[in-house]
Amino acid sequence: MITAHTPAGYIGAQLLRRLKPAHLSARAWSLYGAISGILPDVDMLWFYLVDHRRIHHHRYPTHWPSLWLLALVIAFLFWRRTHRPAAAIALLFAVNGMVHLCLDSIVGDILWLMPWRDTPYSLFTVTARYQPWWLNFIFHWVFLLELAIWAVAAGIFLHNQRQPHD
């Protein structure tokens, strides 16, 4: 995925809105969802600024499903036990982190068994035919899935705009 992580995070926030702390506005919850949808890609800063693109960013720990799964379990247990606002936000971030990796697994290699096994997995392969590299993703049929995610997020947003605000 290239563009759909942010709207997918927004969708995740809407699906988990019953967890939203009372003191938090719907807009803030949605913003947390959108940010958490791209959180695993914070490793792009290291990828470009420090590593100088030597190691693909999907190999960094921020893209290891085992770490996000651990975060998800801890956040869920914390939320179940306390129902604190921070726990709800942590749970949103962990869920959307896992969603990010699932979306990346469609055409991007994700190391689902890391740190135990260094094997990348993806459902489909995007053949390198065009320059710059991102055109290969734009012209691949999977990009229609990205557009569908954007459309669903836009539909939810427009629906929410018609509802009374909290």
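The values are calculated or read from the model by the stated rules, or taken from the named source; none is laboratory data. Owing to the predicted nature of the structure, the values given are computational and were not obtained by experimental measurement. Using ideal geometry, Cβ is built from the backbone for each residue, glycine included, and neighbour counts are taken over all protein chains shown. Surface areas here come from the heavy atoms of the whole protein model, side chains and all, with no ligands, DNA or RNA. Shrake-Rupley method; radii C 1.70, N 1.55, O 1.52, S 1.80 Å.
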For this session: With a ≥ b ≥ c taken as the square roots of the eigenvalues of the C-alpha gyration tensor of segment 71-159, please select rounded if a/c is under 1.5 and otherwise prolate if a/b is larger than b/c or oblate if it is not?
Result: oblate
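Per residue, how much accessible area does segment 1-100 have with a 1.4 Å probe, in Å²?
Values: 5550 Å² over 100 residues.
With the other protein chains kept in place, segment 1-100 gives 55 Å² per residue.
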For this session: Compute the length gained on full extension between HIS56 and ALA28: take 0.36 nm times their separation in residues and subtract their Cα-Cα distance, giving the result in nm to one decimal.
Result: 6.9 nm
For this session: Keeping the other protein chains in place, figure out the carbon and sulfur percent of the accessible area of the chain, with a 1.4 Å probe.
Result: 68
For this session: Determine the order of ILE2, ILE11 by accessible area, beginning with the largest, at a probe radius of 1.4 Å.
Result: ILE2, ILE11
Problem set entry | Calculated on alpha-carbon atoms, Rg and Dmax of segment 98-144 in Å | 12.1, 35
Problem set entry | 10 Å Cβ shell holding at most 14 others, DSSP loop, trypsin sites (Lys or Arg not before Pro): longest site-free stretch of the chain | 55-116
Exercise. What Kirkwood hydrodynamic radius, in Å, does segment 1-129 give when the mean of 1/r is taken over all pairs of distinct Cα atoms and then inverted?
Worked result: 15.3
Exercise. Once you list every other residue whose beta carbon is under 13 Å from the beta carbon of PRO40, what net charge do they have if Lys and Arg are +1 and Asp and Glu are -1?
Worked result: -2
Seminar exercise, completed: For segment 127-166, one quarter of the surface area of the C-alpha convex hull, expressed in nm², comes to 3.7
